[in-house]
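Below: one structure, written as structure tokens.
The values are calculated or read from the model by the stated rules, or taken from the named source; none is laboratory data. Since we're looking at a predicted model, the values are computed, not measured. Note that we place each Cβ from the backbone using ideal geometry, even for glycine, and neighbour counts take in every protein chain shown.
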Amino acid sequence: MIRKPHKDKSDLTLIGTPMRKIEGLDKATGRALFTDDIVLPGMLHGKILRSPHPHARIVAIDVSEAEALEGVHAVITGGDIPIKYGIIPWTADEYPLCIDRVRYIGDAVAAVAAVDEDLAIRALEFIHVEYEELPAFLDPYESLAADGSTPYVHEPKKEGGNGNVTKQVCLEFGEVDDVMAGSDIVVEGEYFFEGSTHAAIEPHCAIGLWDGVGKLTVWSATQVPHYLHRELARVLELDPARIRVIQPLVGGAFGGKSEPFDLEFCVAKLSMLAARPVKILYTREEVFYAHRGRHPFHMNYRMGCTEEGKLTSVNAEIVLDGGAYASFGLVTTYYAGQLLCAPYSMSAYRFDSTRVYTNKPACGPKRGHGSVQPRFAFEVQIDKLAERVDLDPFEFRRRNFIGSNTRTVNQLRITSNGFLECLESVERASRWRRKFRQLPFGRGVGVAGSTYISGTNYPIYPNDMPHSGVQMQVDRSGRVSVFSGASEIGQGCDSMVAYIAAEELGVPLEYVRVLRGDTDFTPVDLGAYSSRVTFMLGNAAIDAATKLREMVQQAVAGEWKIEANEVLLAGGIAMWASDTERQMPIREAFNLAEARFGTLGATGWYNTPKDVHGDYRGGTIGASPAYSFTAHVAEVEVDVETGVVEVEKIWVAHDCGRALNPVLVEGQMEGSAYMGFGEALMEEQIFKSPEQGRAGLHNAPSLLDYRIPTSLDTPEFESLIVESIDPEGPYGAKEAGEGPLHPSIPAIANAIYDAIGVRMDKLPFSPPNMWRAIEEAREVGALGKPAFPGGLPVTPEAAPARSMSSGS
Amino acid sequence: MGEAESIGLLETKYSRRNFIKGVIAVGATASSAGYFIGGSGLLGAQSVPGAAERLITLNVNGQQRRVDVLPNETLAMTLRYRLNLTGTKLGCDRAECGACTVLIDGVNRYGCSTLTHQVRGSSVTTIEGLENPDTGELSLVQQAVIDEGGFQCAFCAPGFIMSMTAMVNENPNPTRAEAAHALSGNLCRCGDYHKILNCAMRAAELARSV
């Protein structure tokens, strides 16, 4: 793709300004349609029977009594859909309904479709399943040490292998051990990141409609309609050309709806058998079992630096507790190491990460997939190293800044990089220099940084086709129709393509219609994951709109006998750049173009550059066309008697390339920081141990017991947008939806240390965990304010607030 | 939460809706039998004792609506699946998330935890009832939400908007902390609380200027 330089801000009329979301009115009036709002004539309701055992053989299933109930139209079990599915083609390991074995409490065993939901629930009681219980693996290290004396969670891929291991990755860049041995300072730490879950407020929901002669339509609250389309065809053995996937608006996802789930296959199969449409809506409890949330990570980090504070060598050993199925785990295992090589440079790096199966709900991708956990450990390690070499943690980070237009130690290509501006923004806004190590005991500030991908460079199944496509039509009325297959999950991608169409074609925003989320009429977009949508869909939209704009410009130029590039389209009119008094309504311009070129429509697409990573095995995972950068400062107050941590404020600076709509970017930054804050202080996806009875049972599958922050808990955020103008992003834009989550957690951990001198290397920083750590520190006399770097507190006069060079 | 409650297949016995069924024991027994024998709860209505009482009149959004309601039916279910007022959302169906919040006689209540039969004689307002019925004009709260660009996925928005409406009616001069308290029974997982509070404060400002 030949790239033109981005337009200057002064040439943009809409992009970069605060704009409303195009579906805002529907959302404020309750008219916006989500999947469960759809009711079809004759629709049945489905329910799924789930395993009460963490690990068991299914000896027999008898569904005859359930089938005999009047009002029950279909009952299915594993044998009805005997093909495994999985989001990653190489690790498909789940049946829509278990066939011979259940692997966690909540695993799907059978499904029914009945005239109403209550009858479907009752019918499940008439399905009789005989189980033979098996020993369950609940601890990842026990899982790793298994010798086959009891059945593995999955059969080993190779004879004699450990079937509990999903994936093991060990990559080394440079001479890690030699460089470590030559380092002046080495810090080693053990870290534990407890798992957490997405808890989108909309539960998963799907509707299947079989037309009786071969066409299947599935409505689903999914983030990945294209991958769902493919998996439905493969698993149900249907012609993909006769499957239609419709994605209504999605009520939050955060990674929790980014792969197919049992319910989508079940509604399809039940509809095929019952010859009626079938809907399944998960209960809140089922959402917790479906999970695919943040993996618990056990991490050991050894990191070295020179006396001057130059990072030298990094060695990471990571065990990922994957739960019962692979999900995205292959990618997670790589991301756990691959995404840590910026924004700091290091001369040698090794990570050894192993994902194991356990008999718990499957873990997968949650906002900031794979790198939120190691980033916590890494940024706390940086804080510890900075202290050892007597440097302010900002200064330590600056000294190790990797720069722009460079390669990381693992050979990922970095283009734009606004990390230094991010650091400067939060340092200034938080008045860091007046606070760090100087606030009274119990109060503290902490800083952390991070990077994240703007889309993954390769699709989940290998192919060379575009990652995102957009089709646009221009109507004689002046209206522009945009056909977009991208997944609107609240982030604003439908609005984003509308902004681009309005910007490029010069029409008012209300003249743009976005027709969306339907595989029958929208080009393929791979889905809302890996922070890919703005970058890829945005570029595709610019591509389509530019083709149309050039036709309109040529037609108007022909009419006025001027050059095409002198025709400006903006605000609903076409005008001559040299004499803006010369105008015509945009509708007339469109009509001229249609008269000259025929019916006006264009497709646009985006594909990734292929030379942005190393050629070692696994080098493609973690590769992205661009990277975002973030820095946070958190200010906390710790009550050492109760262990309660109050986060007073988080300053969030994020390099999103260019903020296409700053209102939406701020929303993503705040939402990310909120989610990180919740994980840091209160969220725990945990399960009962054998000692507690009912081993493997989710401890709290409800939104009261799995606590997420309310309006009262959430701290104040200050969003500081940094614009590095990426050379390849749409108008220079990069991602904003996931990167800003990462530093929340280590910034809070580092702030707790600044407040009371206690290192929190284990999540969450809940009152019980905090209190235990405080008591331990008290016993060894370690409770207290840490020393200022170099031992001399700087007076405010000696360290004037820095002036800002960029950001807003 | 007790152990037994958190097992998927025991949902049948211990879910909130079934708990409510248990509370209204006679109705529950009768209606379950109705499902079993008659198939659909609706189709089996004639065979159920007390069926005549199921056809009730509700005052929803200023209109009298005749509707057939099971004795154990929650208001959220009636609104969504019988009256097709799908603006009221279900996020948990057990009084945790607030997505189903509606106004009952002006007070914000969880629709999933209110039996429809309890609101006979009350006035129920849903998100669909906020606009001016004659002009279609948005309510002040809805206008504030549009102005401030609040909410992302907005699945929680109807519930929040109803709570904001109750708040503004009760206290049109709240502090930000009071607004946060008034909205603390509603969960937003996009983490848009900052903008949601801006909406609430803007709505109060608009209410004061009327």
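Within segment A:452-460, is there a residue that is touching a Ser or Thr at 6+ places or on another chain (Cβ under 8 Å) and part of a strand (DSSP E or B)?
So in segment A:452-460, the residues touching a Ser or Thr at 6+ places or on another chain (Cβ under 8 Å) come out as A:452-458.
Applying the additional criterion that residues be part of a strand (DSSP E or B) yields A:452-453.
Yes, some residue in segment A:452-460 is touching a Ser or Thr at 6+ places or on another chain (Cβ under 8 Å) and part of a strand (DSSP E or B).
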Worksheet entry | Pairs with Cβ under 7 Å, 6+ apart, first in segment A:14-40 and closer than 18 Å to B:Ala144 by Cβ and at the interface with another protein chain (Cβ under 9 Å from one of its Cβ atoms), second outside any helix (DSSP H, G or I) and among the aromatic types (Phe, Trp, Tyr) | A:Lys27/B:Phe151
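Considering only residues that are in a strand (DSSP E or B) and either β-branched (Val, Ile, Thr) or more than 22 Å from A:Ala275 (Cα to Cα) (or both), which ones fall in segment A:88-124? I'd like the intermediate steps shown before the answer.
Going residue by residue through segment A:88-124, those that are in a strand (DSSP E or B) are A:94, A:101-102, A:108-114.
Result: A:Glu94, A:Arg101, A:Val102, A:Ala108, A:Val109, A:Val112.
Please specify each residue of segment A:417-436 satisfying the condition of being in a helix (DSSP H, G or I) and under 23 Å from A:Ser724 (Cα atoms). So that I can check it myself, show each step before the final result.
Residues of segment A:417-436 that are in a helix (DSSP H, G or I), as a first pass: A:419-429, A:432-435.
If the condition is that a residue be in a helix (DSSP H, G or I) and under 23 Å from A:Ser724 (Cα atoms), then A:Phe419, A:Leu420, A:Glu421, A:Cys422, A:Leu423, A:Glu424, A:Ser425, A:Val426, A:Glu427, A:Arg428, A:Ala429 are the ones that fit.
If you scan segment A:41-52, which residues turn out to be within 7 Å of chain B (Cβ to nearest Cβ) and either among the β-branched types (Val, Ile, Thr) or assigned to a strand (DSSP E or B) (or both)? Break it down into steps so the answer makes sense when it comes.
Of segment A:41-52, the ones within 7 Å of chain B (Cβ to nearest Cβ) are A:49-50, A:52.
Matches in segment A:41-52: A:Leu49, A:Arg50.
Could you tell me which of the residues A:Glu133, A:Glu155, A:Glu125, A:Glu194 is over 30 Å from B:Cys188 (Cα atoms) and either among the polar types (S, T, N, Q) or under 32 Å from the mean Cα position of the chain (by Cα) (or both)? Show your work before the answer.
Details: A:Glu133 fails: either among the polar types (S, T, N, Q) or under 32 Å from the mean Cα position of the chain (by Cα) (or both); A:Glu125 fails: either among the polar types (S, T, N, Q) or under 32 Å from the mean Cα position of the chain (by Cα) (or both); A:Glu194 fails: over 30 Å from B:Cys188 (Cα atoms).
One residue alone meets the criteria, A:Glu155.
So which residues in segment A:53-78 are outside any loop (DSSP other than H, G, I, E, B) and of a type in the set (A, V, I, L, M), if there are any at all? Reasoning before the result, please.
Keep residues of segment A:53-78 that are outside any loop (DSSP other than H, G, I, E, B), which gives A:56-62, A:64-68, A:72-78.
A:Ala56, A:Ile58, A:Val59, A:Ala60, A:Ile61, A:Ala66, A:Ala68, A:Val72, A:Ala74, A:Val75, A:Ile76 - these are the residues of segment A:53-78 that are outside any loop (DSSP other than H, G, I, E, B) and of a type in the set (A, V, I, L, M).
Could you pull out the residue among A:Ala111, A:Ala136 that is surrounded by 14 or more Cβ atoms within 10 Å (Cβ to Cβ), at pLDDT 95 or above and touching a Pro at 6+ places or on another chain (Cβ under 6 Å)? Before the answer, list the steps.
Working: A:Ala111 fails: touching a Pro at 6+ places or on another chain (Cβ under 6 Å).
One residue alone meets the criteria, A:Ala136.
Quick one: which residue in A:Leu49, A:Leu40, A:Leu25, A:Leu69 is within 30 Å of A:Gly667 (Cβ to Cβ) and hydrophobic (A, V, I, L, M, F, W, C)?
On the way: A:Leu49 fails: within 30 Å of A:Gly667 (Cβ to Cβ); A:Leu40 fails: within 30 Å of A:Gly667 (Cβ to Cβ); A:Leu69 fails: within 30 Å of A:Gly667 (Cβ to Cβ).
So the residue among A:Leu49, A:Leu40, A:Leu25, A:Leu69 that is within 30 Å of A:Gly667 (Cβ to Cβ) and hydrophobic (A, V, I, L, M, F, W, C) is A:Leu25.
Please determine, by comparing only the residues of segment A:461-481 that are of a type outside the set (Ser, Thr, Tyr) and buried (at least 24 other Cβ atoms within 10 Å of the Cβ), which one is nearest to the chain's Cα centre (by Cα). Full working, then the answer.
The initial filter retains those residues of segment A:461-481 that are of a type outside the set (Ser, Thr, Tyr), namely A:462-467, A:469-476, A:478-480.
Then drop every residue that is not buried (at least 24 other Cβ atoms within 10 Å of the Cβ), which leaves A:467, A:469-470, A:472, A:474, A:480.
Values: A:His467: 17, A:Gly469: 21, A:Val470: 22, A:Met472: 28, A:Val474: 34, A:Val480: 31 Å.
Filtering segment A:461-481 for residues that are of a type outside the set (Ser, Thr, Tyr) and buried (at least 24 other Cβ atoms within 10 Å of the Cβ), the one nearest to the chain's Cα centre (by Cα) comes out as A:His467.
Kindly state which helices (runs of 4 or more DSSP H) lie completely within segment B:118-210 and contain at least 2 residues that are under 22 Å from A:Ile489 (Cα atoms) and within 7 Å of another protein chain (Cβ to nearest Cβ). It would help to see each step written out before you state the result.
Numbers: elements: B:140-148, B:157-170, B:176-182, B:193-209.
Passing ranges, in order: B:140-148, B:157-170, B:193-209.
Among the residues that make up segment B:47-70, is at least one of them facing chain A (nearest Cβ under 9 Å), basic (Lys, Arg) and either assigned to a helix (DSSP H, G or I) or under 16 Å from B:Ala157 (Cβ atoms) (or both)? Lay out the reasoning, then the answer.
Here is the first cut: in segment B:47-70, the ones facing chain A (nearest Cβ under 9 Å) are B:70.
Retained after the next criterion (residues that are basic (Lys, Arg)): none.
No, every residue in segment B:47-70 fails to be facing chain A (nearest Cβ under 9 Å), basic (Lys, Arg) and either assigned to a helix (DSSP H, G or I) or under 16 Å from B:Ala157 (Cβ atoms) (or both).
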Item to complete: Being among the hydrophobic types (A, V, I, L, M, F, W, C) and at pLDDT below 95 narrows it down to one of A:Val187, A:Val213, A:Val179, so name that one.
Response: A:Val213
Worksheet item: Of everything in segment A:151-170 that's touching a His at 6+ places or on another chain (Cβ under 9 Å) and assigned to a loop (DSSP other than H, G, I, E, B), which residue is surrounded by the most Cβ atoms within 10 Å (Cβ to Cβ)?
Response: A:Val153
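Return yes when A:Ser719 is within 13 Å of chain B (Cβ to nearest Cβ) and touching a strand residue (DSSP E or B) at 6+ places or on another chain (Cβ under 7 Å) and no when it is not.
yes
Give the residue that is nearest to the other protein chains (Cβ to nearest Cβ), with candidates limited to residues of segment A:479-496 that are outside any strand (DSSP E or B) and among the polar types (S, T, N, Q). Spell out how you get there, then give the answer.
So the first thing to find is which residues in segment A:479-496 are outside any strand (DSSP E or B), and the list is A:479, A:485-496.
Applying the additional criterion that residues be among the polar types (S, T, N, Q) yields A:487, A:491, A:495.
Details: A:Ser487: 11, A:Gln491: 7, A:Ser495: 10 Å.
Looking at residues that are outside any strand (DSSP E or B) and among the polar types (S, T, N, Q), I get A:Gln491.
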Worksheet item: Within segment A:742-760, is there a residue that is closer than 30 Å to A:Ile542 by Cβ, in contact (Cβ under 8 Å) with a residue 12 or more places away in the chain and either assigned to a loop (DSSP other than H, G, I, E, B) or in the same structural domain as A:Glu635 (by TED's automatic domain parsing) (or both)?
Response: yes
Item to complete: Identify, by number, the condition in (1) under 30 Å from A:His45 (Cα atoms); (2) within 26 Å of the chain's Cα centre (by Cα) that A:Val314 doesn't meet.
Response: (1)
Worksheet entry | Subset of segment A:675-709 (residues that are touching an Asp or Glu at 6+ places or on another chain (Cβ under 9 Å), more than 10 Å from chain B (Cβ to nearest Cβ) and in a loop (DSSP other than H, G, I, E, B)) | A:Met682, A:Glu683, A:Glu684, A:Gln685, A:Ile686, A:Ser689, A:Arg707
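For segment A:673-697, name all the residues that are touching a helix residue (DSSP H, G or I) at 6+ places or on another chain (Cβ under 8 Å) and over 17 Å from A:Ala749 (Cα atoms). Steps first, answer last, please.
First, pick out the residues of segment A:673-697 that are touching a helix residue (DSSP H, G or I) at 6+ places or on another chain (Cβ under 8 Å): A:673-677, A:679-681, A:685, A:688, A:693-694, A:697.
The answer is A:Gln685, A:Lys688, A:Gly693, A:Arg694, A:Leu697.
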Worksheet item: Here are A:Glu691, A:Glu666: which of them is modelled with pLDDT of 95 or more and either in contact with a Lys or Arg (Cβ under 6 Å, 6 or more places away or on another chain) or in the same structural domain as A:Thr451 (by TED's automatic domain parsing) (or both)?
Response: A:Glu666
Fill in: Positions within segment B:78-101 being surrounded by 24 or more Cβ atoms within 10 Å (Cβ to Cβ), within 11 Å of chain A (Cβ to nearest Cβ) and not in a loop (DSSP other than H, G, I, E, B), in sequence order
B:Leu79
Worksheet item: In this structure, does A:Leu712 turn out to be farther than 17 Å from A:Cys422 by Cα, at pLDDT 95 or above, within 11 Å of another protein chain (Cβ to nearest Cβ) and buried (at least 18 other Cβ atoms within 10 Å of the Cβ)?
Response: no
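Per-residue answers, yes or no, for (1) more than 27 Å from A:Tyr452 (Cβ to Cβ); (2) aliphatic (A, V, I, L, M):
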site: A:Leu526; (1), (2): no, yes
site: A:Val533; (1), (2): no, yes
site: A:Val552; (1), (2): yes, yes
site: A:Glu588; (1), (2): yes, no
